[in-house]
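Every number here is computed from the coordinates shown, using simple stated rules; none is lab data. These numbers come from a predicted model, not from an experiment. Note: ideal-geometry Cβ built from the backbone for every residue, glycine included; neighbour counts use all protein chains shown.
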Amino acid sequence: MEGHQRNLFLYERLNARVAGVSRDQVDTLRYWTEEMGLTFPIFSNPIGHLGIWFGTLEEGYPMFSRKTVVIDKWGVIRYVQAGSPDFREILTLLKQLHEEEAER
Amino acid sequence: MNPALTRRFIFQPLIAVCAAFLFSACAQAATRVADPLAQMRQPDGVVVWQQEYRFVPPPLPWQLIDLDEDDYSIAFMKICSEGYPCQSTLAYAEEPFGYSLDFEERQTEFFKRFLWASRVTFAPPELRKVKIGGREGLEGITIGVEPVLKHKVRCKILFFRRGERVVAFYYTQWRSEEKPFDTADEADFDRFAESFDFLRPSFYESLFTQTP
């Protein structure tokens with residue numbers, strides 16, 4: 001999350017937005033984001049259906065596993081990567097999507 | 001594109017949304033590596049690191065360490081003969097804690113997170129503008145105290161820029177509360193920082209200037 005916050009100014013230039021998803025309750029996330037100084041939205045999804053959709057909810061484990069998903073302007077998933085975010089990969093893709101957007 | 005990945009998503013506002021699922025990950029324990037600099041050392045003693053950086057490494061018994069975390073790019077550790085907690089660490093960090101591009105704001109964010117897991121209480125840092133390898137920078141020096149184990153740590157952080165992003169050199173020296181700090185290690189850190197240079201533009205500097 002810190003890495004995303006650090007890159008917000010680059011996401012802005014590439015006309016991209018970032019959001020996080022967690023199974024924690026809203027109050028927990030509010031406290032946590034304030035403590036961390038995060039300014040982008042973190043969605044609370046205790047039921048976990050987003051995790052089921054994106055394959056981040058492992059059976060018998062109560063939390064989402066870490067995954068990065070990039071969705072383009074037209075709602076198409078363009079990138080899915082498990083584990084810690086690879087910011088170089090993400091920014092390179094966002095730049096490509098931004099250029100695609102300009103061409104359409 | 002894989003058709004299985006083609007789905008609609010309801011709350012995505014503009015061109016793209018990165019949704020990051022996380023909550024885990026703490027620093028891994030440091031692992032020693034046996035003389036990994038030998039192949040990178042030039043005849044004049046300068047180390048060329050992955051065609052990205054050049055620097056003069058601190059002398060033995062400083063050891064290159066692998067902290068196995070993305071926030072550190074290069075780090076060295078020196079452990080005293082008397083053992084824990086007597087040790088020093090110096091590092092170049094490509095992604096120091098915090099987010100702001102302004103040095104003053106960044107140091108505030110930085111010290112809120114730095115050594116967070118060690119439960120250290122820092123004194124307000126002494127700040128001064130400095131030149132680091134000819135670049136404008138901000139130096140922050142402070143001492144932190146871990147009140148339960150009765151350890152103390154002297155920290156010196158040098159913030160400067162690579163392109164528009166803030167990068168930093170870190171120095172920490174841990175001692176028991178009653179032991180004095182050793183200024184020789186800090187001098188090694190200063191020499192390391194002063195010798196450090198970049199061999200090419202960073203990924204971030206190249207992002208908006210190069211075509212894919």
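Using θ = phi - 60° in the Karplus curve 6.51 cos²θ - 1.76 cosθ + 1.60, the 3J(HN,Hα) couplings for region A:51-64 round to x, 5, 4, 9, x, 10, 10, 7, 4, x, 10, x, 10, 6 Hz; x is entered for Gly and Pro.
Strictly greater than 25 Å: what percent of every Cα pair in chain A meets that? All intermediate terms of the calculation are to be shown ahead of the outcome.
On the way: 1250 of 5356 pairs.
When all Cα pairs of chain A are counted, 23 percent exceed 25 Å.
Quote the FRET efficiency, to the nearest 0.05, computed for B:ILE141 versus A:GLU58 with a Förster distance R0 of 41 Å and r equal to the Cβ-Cβ distance. The value I calculate is 0.35.
Could you please rank A:ILE90, A:ILE42, placing first whichever residue has the fewest other Cβ atoms within 10 Å of its Cβ?
Working: A:ILE90 25, A:ILE42 22.
Starting with the residue having the fewest Cβ neighbours, the order is A:ILE42, A:ILE90.
For the listed residue pairs A:LYS67/B:LYS150; A:LYS95/B:LYS129; A:LYS67/A:LYS95; A:LYS67/B:LYS129; B:LYS112/B:LYS150, the alpha carbons are over 30 angstrom apart in A:LYS67/B:LYS150; A:LYS95/B:LYS129; A:LYS67/B:LYS129.
At the listed q of 0.09, 0.11 Å⁻¹, the Debye profile of the protein assembly as shown, built from one uniform point per Cα, gives log10 I(q)/I(0) equal to -0.55, -0.80. With respect to chain A, whose longest principal axis is taken over its alpha-carbon atoms, helix A:87-103 is tilted by about 50°. Distances between placed amide hydrogens fall under 5 Å for B:ILE132 paired with B:GLY137, all partners being 5 or more residues away or on another chain. Across peptide A:65-74, the mean count of Cβ atoms from other chains lying within 10 Å of each residue's own Cβ comes to 6.
Sequentially through region A:19-32, phi angles give Karplus couplings (6.51, -1.76, 1.60; θ = phi - 60°) of 9, x, 9, 9, 8, 5, 6, 4, 4, 4, 5, 4, 4, 5 Hz, Gly and Pro residues having no value and appearing as x. Taking every residue in A:75-88 and counting other chain Cβ atoms within 10 Å of its Cβ, the average works out to 4.
Sort B:THR172, B:THR183 by Cβ crowding within 10 Å, fewest neighbours at the top.
Numbers: B:THR172 22, B:THR183 10.
Exposure proxy ranking, most exposed first: B:THR183, B:THR172.
Here's how it looks for A:VAL18: its modeled amide H is under 5 Å from those of B:CYS18, which are all 5 or more places away or on a different chain.
Amide H to amide H distances under 5 Å link B:ARG162 with B:VAL167, where only residues 5 or more positions off or on other chains count and H is placed in the peptide plane.
Our compactness index for region B:140-212, the C-alpha radius of gyration over the empirical 2.2 N^0.38 Å, is 1.54.
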